[in-house]
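Comments concern the structure below.
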Amino acid sequence: MKKLCTLLFLSSSILLNGCFGSDDTPKPDPAMLTSEDQSYFCGMTAAGHPGPKAQIHILGQTVPIWFAATRDAVGYMKLPDENNEITAVYVTDMGKANWPSPESGPWIDIKEATLVIESKRRGGMGAPAVVPFKESSSAENFIAQYGGKIVSLDDIPIDYVLGMVEIPDNPALSTIE
């Protein structure tokens, strides 16, 4: 059993790390989110939802894939069928952005972000949020106010980003300032 757990851990780490292009692949700059950009999974406007957004850049594509919620981008990265060569993943720095209606950015590299899960805040479509911060102190302040915990990208449970979504009893939680 211990060998099986180790094998699963290593394969999931390889899967996530293998998604990103090699170190010599040029990393594109973050794109600007517009009101026309559609979210990859639902086809709705990515900008039309509260909480952090994400953009994934794929080798050979000039336009990023947009996500109305960072949670969805992490889910995309964990899907074995979405094995495109990712050159960059940018997420909204929620230490500087407005939750109800974040502007286009400020963008930070997901590999450099402090990530919070399991908070009371809900992201796009009322789903649990993966909340990124550039500064760990901003993440700690967020946790003091809304709960949650800091995790690494590799440690976000697959069920958290790909599991069923329960709509909260209090929809106002997604719009609290």
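Yes or no, residue by residue, for (1) touching a helix residue (DSSP H, G or I) at 6+ places or on another chain (Cβ under 8 Å); (2) acidic (Asp, Glu); (3) over 17 Å from Gly163 (Cα atoms):
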{"position": "Thr34", "(1), (2), (3)": "yes, no, yes"}
{"position": "Pro50", "(1), (2), (3)": "yes, no, yes"}
{"position": "Ile56", "(1), (2), (3)": "yes, no, yes"}
{"position": "Ala97", "(1), (2), (3)": "no, no, yes"}
{"position": "Ser104", "(1), (2), (3)": "yes, no, yes"}
{"position": "Leu115", "(1), (2), (3)": "yes, no, yes"}
{"position": "Phe133", "(1), (2), (3)": "yes, no, yes"}
{"position": "Glu140", "(1), (2), (3)": "no, yes, yes"}
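Of everything in region 17-53, what is more than 15 Å from Gly123 (Cβ to Cβ), at pLDDT 80 or above and among the small types (Gly, Ala, Ser)? Give them in sequence order. Result: Ala31, Ser35.
Filtering region 94-151 to residues that are part of a helix (DSSP H, G or I) and either of a type in the set (Phe, Trp, Tyr) or within 21 Å of Met44 (Cα to Cα) (or both) leaves Gly124, Met125, Gly126, Phe142, Tyr146. Could you give every pair whose Cβ atoms fall below 6 Å, whose first residue belongs to region 124-148 and is over 13 Å from Lys53 (Cα atoms), and whose second residue is aromatic (Phe, Trp, Tyr) and modelled with pLDDT of 95 or more, counting only separations of at least 6 or pairs across chains? So the pair list comes out as Ala139/Phe133.
For first residues located in region 60-75 and farther than 12 Å from Val91 by Cβ, partners that are aromatic (Phe, Trp, Tyr) and lie 6+ apart or on another chain with Cβ distances below 7 Å form the pairs Ile65/Tyr40.
Looking at Ile65, Ile56, can you tell me which residue is surrounded by 19 or more Cβ atoms within 10 Å (Cβ to Cβ), farther than 30 Å from Asn141 by Cβ and either modelled with pLDDT of 80 or more or in contact with a Cys (Cβ under 9 Å, 6 or more places away or on another chain) (or both)? Lay out the reasoning, then the answer.
Values: Ile56 fails: farther than 30 Å from Asn141 by Cβ.
It is Ile65.
Looking at region 152-164 only, could you name the residues that are surrounded by 12 or more Cβ atoms within 10 Å (Cβ to Cβ) and not in a helix (DSSP H, G or I)? Listed by number, the residues that qualify are Ile156, Pro157, Gly163.
Evaluating Ser104 against the criteria (1) modelled with pLDDT of 95 or more; (2) surrounded by 16 or more Cβ atoms within 10 Å (Cβ to Cβ); (3) of a type in the set (Gly, Ala, Ser) leaves one unmet condition, (1).
The values are calculated or read from the model by the stated rules, or taken from the named source; none is laboratory data. This is a predicted model, so every value here is computed, not measured. Glycine gets a Cβ as well: all are built from the backbone with ideal geometry, and neighbour counts include every protein chain shown.
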